1. Report every pair of residues separated by at least 6 positions or lying on different chains whose Cβ atoms are under 7 Å apart, first residue within region 101-124 and at positive phi and among the small types (Gly, Ala, Ser), second modelled with pLDDT of 95 or more and surrounded by 14 or more Cβ atoms within 10 Å (Cβ to Cβ).
2. Could you tell me how many of the residues in region 57-69 are modelled with pLDDT of 95 or more and either assigned to a loop (DSSP other than H, G, I, E, B) or out of contact with any Ser or Thr (no Cβ under 9 Å at 6 or more places or on another chain) (or both)?
3. Could you please let me know if residue 80 is at pLDDT below 90 and touching an Asp or Glu at 6+ places or on another chain (Cβ under 6 Å)?
4. Which of (1) of a type in the set (Ser, Thr, Tyr); (2) closer than 23 Å to residue 13 by Cβ; (3) modelled with pLDDT under 95; (4) surrounded by fewer than 17 Cβ atoms within 10 Å (Cβ to Cβ) is the odd one out, the single condition residue 74 does not satisfy?
5. With (1) loosely packed, with under 13 Cβ neighbours inside 10 Å; (2) touching a Ser or Thr at 6+ places or on another chain (Cβ under 6 Å); (3) among the aliphatic types (A, V, I, L, M) as the list, and residue 43 as the residue in question, which single condition is left unmet?
6. Can you tell me which residues in region 1-56 are touching an Asp or Glu at 6+ places or on another chain (Cβ under 7 Å) and either part of a helix (DSSP H, G or I) or among the aromatic types (Phe, Trp, Tyr) (or both)?
7. Using the structure shown, decide if residue 83 is closer than 25 Å to residue 36 by Cβ, basic (Lys, Arg) and assigned to a strand (DSSP E or B).
8. Look through region 55-71, keep the residues that are of a type in the set (A, V, I, L, M, F, W, C) and within 19 Å of residue 113 (Cα to Cα), and return whichever of them is surrounded by the most Cβ atoms within 10 Å (Cβ to Cβ).
Amino acid sequence: MSAREAAITALHGRLQTMLAARNPAPVVLRGETIPQRLPAGGLVVIRDGETVEETPILSPLAWAIEHRAEVDVTVAGATPGARAALLDALLMDIASGITADRTLGGAVEWAQPGTPDFEDVEFEGAAAARAARVPVALFFTVAGSPLA
(Lines give C-alpha, C1' and ligand atoms only; values in the text may rest on other atoms or scores of the structure.)
Protein backbone atom coordinates (compact mmCIF):
# COMPACT_ATOMS: atom_id res chain seq x y z
CA MET A 1 0.00 0.00 0.00
CA SER A 2 1.37 3.42 -0.95
CA ALA A 3 1.88 6.16 1.64
CA ARG A 4 -0.92 8.17 -0.02
CA GLU A 5 -3.33 5.25 0.13
CA ALA A 6 -2.38 4.55 3.77
CA ALA A 7 -3.00 8.22 4.66
CA ILE A 8 -6.44 8.32 3.03
CA THR A 9 -7.41 4.94 4.50
CA ALA A 10 -6.41 6.22 7.96
CA LEU A 11 -8.47 9.40 7.43
CA HIS A 12 -11.49 7.30 6.43
CA GLY A 13 -11.08 5.03 9.45
CA ARG A 14 -10.69 7.97 11.83
CA LEU A 15 -13.81 9.75 10.56
CA GLN A 16 -15.83 6.55 10.50
CA THR A 17 -14.92 5.84 14.13
CA MET A 18 -15.48 9.41 15.36
CA LEU A 19 -18.81 9.92 13.60
CA ALA A 20 -20.24 6.52 14.58
CA ALA A 21 -21.05 7.93 18.03
CA ARG A 22 -23.54 10.44 16.57
CA ASN A 23 -27.25 9.64 16.69
CA PRO A 24 -28.24 9.16 13.94
CA ALA A 25 -24.78 8.43 12.60
CA PRO A 26 -23.88 9.68 9.13
CA VAL A 27 -22.85 7.23 6.44
CA VAL A 28 -19.09 7.57 5.81
CA LEU A 29 -17.99 6.35 2.37
CA ARG A 30 -14.82 6.07 0.35
CA GLY A 31 -14.63 4.26 -2.94
CA GLU A 32 -18.22 3.05 -2.69
CA THR A 33 -21.45 3.76 -4.52
CA ILE A 34 -23.25 6.80 -3.13
CA PRO A 35 -26.76 5.90 -1.92
CA GLN A 36 -29.72 7.28 -3.87
CA ARG A 37 -31.33 8.71 -0.74
CA LEU A 38 -29.65 10.94 1.79
CA PRO A 39 -29.35 9.18 5.20
CA ALA A 40 -30.94 10.91 8.22
CA GLY A 41 -27.55 11.52 9.86
CA GLY A 42 -26.00 12.88 6.67
CA LEU A 43 -23.50 11.60 4.16
CA VAL A 44 -19.71 11.96 4.37
CA VAL A 45 -17.69 11.03 1.28
CA ILE A 46 -13.89 11.00 1.32
CA ARG A 47 -12.26 11.67 -2.05
CA ASP A 48 -8.59 11.16 -2.89
CA GLY A 49 -8.02 14.74 -4.03
CA GLU A 50 -4.63 15.69 -5.39
CA THR A 51 -0.98 15.96 -4.49
CA VAL A 52 -0.23 19.63 -3.96
CA GLU A 53 3.52 19.56 -3.43
CA GLU A 54 6.42 17.11 -3.62
CA THR A 55 9.69 18.40 -2.17
CA PRO A 56 12.88 16.35 -2.49
CA ILE A 57 14.97 15.81 0.61
CA LEU A 58 18.55 14.79 -0.17
CA SER A 59 20.90 12.37 1.59
CA PRO A 60 19.24 9.94 1.79
CA LEU A 61 16.78 10.68 -0.98
CA ALA A 62 13.22 11.09 0.29
CA TRP A 63 10.18 13.17 -0.62
CA ALA A 64 8.11 15.40 1.63
CA ILE A 65 4.61 15.23 0.21
CA GLU A 66 1.52 17.35 0.81
CA HIS A 67 -1.59 15.60 -0.44
CA ARG A 68 -4.97 17.25 -0.23
CA ALA A 69 -7.89 14.87 0.32
CA GLU A 70 -11.45 16.17 0.12
CA VAL A 71 -14.24 15.40 2.55
CA ASP A 72 -17.72 16.09 1.16
CA VAL A 73 -20.48 16.42 3.76
CA THR A 74 -24.14 16.52 2.71
CA VAL A 75 -27.14 16.85 5.05
CA ALA A 76 -30.88 17.30 4.72
CA GLY A 77 -33.37 18.91 7.05
CA ALA A 78 -36.90 20.26 7.12
CA THR A 79 -35.78 23.86 7.59
CA PRO A 80 -32.70 25.87 6.64
CA GLY A 81 -31.88 26.17 10.35
CA ALA A 82 -32.03 22.40 10.85
CA ARG A 83 -29.77 21.81 7.83
CA ALA A 84 -27.28 24.43 9.01
CA ALA A 85 -27.21 23.03 12.55
CA LEU A 86 -26.61 19.45 11.41
CA LEU A 87 -23.96 20.50 8.90
CA ASP A 88 -22.15 22.65 11.47
CA ALA A 89 -22.21 19.81 14.01
CA LEU A 90 -20.77 17.34 11.50
CA LEU A 91 -18.07 19.78 10.40
CA MET A 92 -17.07 20.39 14.03
CA ASP A 93 -16.92 16.63 14.70
CA ILE A 94 -14.76 16.09 11.60
CA ALA A 95 -12.35 18.86 12.61
CA SER A 96 -12.23 17.58 16.21
CA GLY A 97 -11.62 14.02 15.04
CA ILE A 98 -8.69 15.05 12.87
CA THR A 99 -7.11 17.44 15.37
CA ALA A 100 -7.42 14.91 18.22
CA ASP A 101 -4.93 12.65 16.39
CA ARG A 102 -2.95 14.73 13.89
CA THR A 103 -0.90 11.70 12.80
CA LEU A 104 -4.00 9.59 12.05
CA GLY A 105 -2.56 6.71 14.03
CA GLY A 106 0.93 7.18 12.59
CA ALA A 107 -0.12 7.11 8.92
CA VAL A 108 0.95 10.74 8.35
CA GLU A 109 3.23 13.26 9.97
CA TRP A 110 0.49 15.89 10.17
CA ALA A 111 -3.15 16.26 9.12
CA GLN A 112 -4.80 19.66 8.88
CA PRO A 113 -8.48 20.29 8.07
CA GLY A 114 -9.07 23.36 5.92
CA THR A 115 -11.86 25.88 5.48
CA PRO A 116 -15.06 24.39 4.04
CA ASP A 117 -16.82 25.60 0.90
CA PHE A 118 -20.63 25.53 1.17
CA GLU A 119 -23.36 24.97 -1.40
CA ASP A 120 -27.03 24.05 -1.67
CA VAL A 121 -27.59 20.79 -3.54
CA GLU A 122 -30.43 18.65 -4.81
CA PHE A 123 -30.60 15.08 -3.59
CA GLU A 124 -33.29 12.52 -4.37
CA GLY A 125 -35.80 12.21 -1.56
CA ALA A 126 -34.66 15.41 0.15
CA ALA A 127 -36.69 18.58 -0.13
CA ALA A 128 -33.48 20.54 0.27
CA ALA A 129 -29.93 19.65 1.15
CA ARG A 130 -26.86 21.59 2.19
CA ALA A 131 -23.32 20.47 1.45
CA ALA A 132 -19.78 21.43 2.31
CA ARG A 133 -16.42 20.33 0.92
CA VAL A 134 -13.55 20.33 3.41
CA PRO A 135 -9.99 20.02 2.13
CA VAL A 136 -7.76 18.00 4.46
CA ALA A 137 -4.01 18.47 3.99
CA LEU A 138 -2.05 15.28 4.66
CA PHE A 139 1.71 15.66 5.11
CA PHE A 140 3.97 12.61 4.92
CA THR A 141 7.47 11.57 3.82
CA VAL A 142 8.40 8.68 1.56
CA ALA A 143 11.85 7.27 0.91
CA GLY A 144 13.13 6.96 -2.65
CA SER A 145 10.43 7.65 -5.22
CA PRO A 146 7.43 9.92 -4.53
CA LEU A 147 5.28 7.14 -6.02
CA ALA A 148 6.12 4.79 -3.13
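1. Hits for this filter: 105/10.
2. So the answer is 1.
3. So residue 80 fails the test.
4. Among (1) of a type in the set (Ser, Thr, Tyr); (2) closer than 23 Å to residue 13 by Cβ; (3) modelled with pLDDT under 95; (4) surrounded by fewer than 17 Cβ atoms within 10 Å (Cβ to Cβ), the lone unmet condition for residue 74 is (4).
5. (1)
6. 8, 14, 18, 19
7. no
8. Residue satisfying both the conditions and the ranking: 71.
The values are calculated or read from the model by the stated rules, or taken from the named source; none is laboratory data. These numbers were taken from a predicted model, which means no experiment stands behind them. When we count neighbours, we look across all protein chains shown, and the Cβ atoms used for this are built from the backbone with ideal geometry, even at glycine.
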